[in-house]
């Protein structure tokens, strides 16, 4: 009998960026095992700054992914607490 390779687990990450005037909003989402988490990031251009939209996109996306990571850590802490019945102080 040969060991068949295990199929990799798939986690889907998506990011959407929306710009309106001097504000950019990014939404990042993660879907796995019929679960999902969504993070949001905002960026606003100072009216005195040069108009370089990609910078606002980058900042908003970075903030959305950071928010997503914080939320995933919180989900993980709750899952650990559910198994161990002990408080998780920090995963960072």
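The values are calculated or read from the model by the stated rules, or taken from the named source; none is laboratory data. Note that the structure is a prediction, hence the values are computed from the model and not measured. Reconstructed Cβ throughout: ideal geometry from the backbone, glycine too, with neighbour counts over all protein chains shown.
Look through segment 33-56, keep the residues that are within 19 Å of the chain's Cα centre (by Cα) and surrounded by 16 or more Cβ atoms within 10 Å (Cβ to Cβ), and return whichever of them is modelled with the lowest pLDDT. Top of the filtered list is 56. Might you check whether a residue that is surrounded by 10 or more Cβ atoms within 10 Å (Cβ to Cβ), in contact with a helix residue (DSSP H, G or I) (Cβ under 9 Å, 6 or more places away or on another chain) and not in a strand (DSSP E or B) occurs anywhere in segment 15-26? Scanning segment 15-26, I find at least one residue that is surrounded by 10 or more Cβ atoms within 10 Å (Cβ to Cβ), in contact with a helix residue (DSSP H, G or I) (Cβ under 9 Å, 6 or more places away or on another chain) and not in a strand (DSSP E or B), so the answer is yes. With 50, 92 as the choices, which residue is in a loop (DSSP other than H, G, I, E, B) and within 22 Å of residue 20 (Cβ to Cβ)? Selected residue: 50, the only one of 50, 92 that is in a loop (DSSP other than H, G, I, E, B) and within 22 Å of residue 20 (Cβ to Cβ). Regarding residue 15, is this residue farther than 25 Å from residue 90 by Cα, touching a strand residue (DSSP E or B) at 6+ places or on another chain (Cβ under 7 Å) and modelled with pLDDT of 95 or more? Answer is yes for this residue. Within 10 Å of the chain's Cα centre (by Cα), crowded, with 16+ Cβ neighbours inside 10 Å and either modelled with pLDDT under 95 or assigned to a strand (DSSP E or B) (or both): is that true of residue 30 in this structure? When the stated conditions are applied, residue 30 passes them. Out of segment 57-85, which residues are over 18 Å from residue 14 (Cα atoms) and either in contact with a strand residue (DSSP E or B) (Cβ under 8 Å, 6 or more places away or on another chain) or buried (at least 17 other Cβ atoms within 10 Å of the Cβ) (or both)? Once the filter is applied, which keeps residues that are over 18 Å from residue 14 (Cα atoms) and either in contact with a strand residue (DSSP E or B) (Cβ under 8 Å, 6 or more places away or on another chain) or buried (at least 17 other Cβ atoms within 10 Å of the Cβ) (or both), segment 57-85 yields only 75.
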